[in-house]
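Here the structure is laid out as C-alpha cells; the discussion comes afterwards.
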Amino acid sequence: MKKILVIEDEEKVLDIVKNYLEKEGFEPIVSLRGEEGLDKFYEYSPDLVVLDLMLPDISGEEICREIKKESDVPVVMLTAKSSVDERIEGLSLGADDYLIKPFSPRELMMRIKVILKRYGSNKSLEDILSYNNKDLVINKKAKIVYKNQKEVSLTAAEYKLLTYMAENENINLSRDIIIQKVFGIEFDGYDRTIDTHIKNIRKKIEDDPKNPKYVITVFGLGYKFEGEF
C-alpha cells in the first residue's frame, strides 16, 4: 500500500483528502503543521507528498526544498497562487505537480496516480522505444526517430518532447509539467508554444495528424503519448 503524506493546515480540506486517499487504497499520513509534517516525512518515508504552500509555522516552499535535498519523492503542491510565474517558481523547487485551490479531490487522486505511475516506469532506462510493430521507433542512444523505417527529421526541442512523452506513456502531462521537465525553468516562451511543438511532431510521426494515434490531446490538461510497446 502506497503511503501518501498530506501537509495541510485547513482541517476540513485535510479530512476530505484523507478520506479520498483511503477510498483509493492509499495509506494517508497527515499533518496540520509544517515542522510536524517534515518529522513524519523522515519517520514514515512516504511514496508521495501532498503539500500546502501556506502553512502557519514554515512555508511549503521551504519544506519542498528540504524534501528534495533528501530524496526524489514526488511532491504535489496545493496553492492559492495562480500566476504563471508563481506556478513555475513552485515547479522550479522540484515539485512534480500543483493544484490551485479550491481543487477537486477527484482530480488530486488522478494526479497522484499519474505521478506514481510515472515514477514506477523504467522506460527512461531503455535505449530503444518501439511502438506498433516498429511503426515508430525512438533510438535514444543515437537520438534518431524512425517512422515506417524512415528517419524523421525533428528539431532538438521536438525530439526532447517526444522522447519524454514516450518515456511516460499513457500518463496525462500538463503543459507546465512538460515545460519544467523538458525545457527547464529558464524556458522563456509561453505554454502554448508546447502546442506548436506538438502540432509539428504530429505532422512528422502521425499517419493522420488530425486523428493522432501517438500524441493525444487531454482536454483541459495537456497531452499524453499512446502506443503499443
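With a 10 Å Cβ neighbour count serving as the proxy for reagent exposure, in which order, fewest first, do Ile128, Ile179, Ile205, Ile216 appear?
On the way: Ile128 10, Ile179 21, Ile205 25, Ile216 15.
If I rank by nearby Cβ atoms, fewest first, I get Ile128, Ile216, Ile179, Ile205.
Amide H neighbours of Val30 under 5 Å, counting only residues 5+ apart in sequence or on other chains, H built in-plane at 1.01 Å?
Close amide H contacts, sequence-distant or interchain: Val6.
Mind sorting Ser153, Ser31 by how few other Cβ atoms lie within 10 Å of their own Cβ, fewest first?
Arranged by neighbour count, lowest to highest, Ser153, Ser31 become Ser153, Ser31.
Can you give the FRET efficiency to the nearest 0.05 for Lys204 and Glu43, using r as the Cβ-Cβ distance and R₀ = 35 Å?
For Lys204 and Glu43, the calculated efficiency is 0.10.
Looking at the chain, what % of the alpha carbon pairs are farther apart than 27 Å? If you can, show how the numbers build up before the last one.
Details: 9918 of 26106 pairs.
So the portion of pairs separated by more than 27 Å is 38 percent.
What distance in nm separates the simple spin-label points at Glu35 and Ile128, each placed 7 Å from Cα in the Cβ direction?
5.7 nm
Under the Karplus relation 6.51 cos²θ - 1.76 cosθ + 1.60, θ = phi - 60°, what is the ordered set of whole-Hz ³J(HN,Hα) values for region 140-150, x standing for Gly and Pro?
Once θ is set to phi - 60°, the couplings for region 140-150 become 6, 5, 8, 6, 10, 10, 10, 10, 6, 6, 10 Hz.
As a footprinting exposure proxy, order Thr163, Thr155 by other Cβ within 10 Å, with the fewest listed first.
Thr155, Thr163
Return the subset of Lys18/Lys40; Lys40/Lys101; Lys134/Lys213 for which the Cα-Cα distance in this structure is over 22 Å, preserving the input order.
Among Lys18/Lys40; Lys40/Lys101; Lys134/Lys213, the Cα-Cα distance tops 22 Å for Lys40/Lys101.
Once label points are set 7 Å from the Cα along Cα→Cβ at both Val218 and Glu151, what is their separation, rounded to one decimal in nm?
3.3 nm
Quick one: if you stick a label point 7 Å off each Cα along the C-beta vector at Ala142 and Glu27, how many nm between them?
Here the modelled spin labels are 4.7 nm apart.
Every number in this text was worked out from the coordinates using simple rules, so none of it is lab data. Remember, it's a predicted structure, so these values are computed and weren't measured experimentally. Ideal geometry is used to build each Cβ from the backbone, glycine not excepted, and the neighbour counts take in all protein chains shown.
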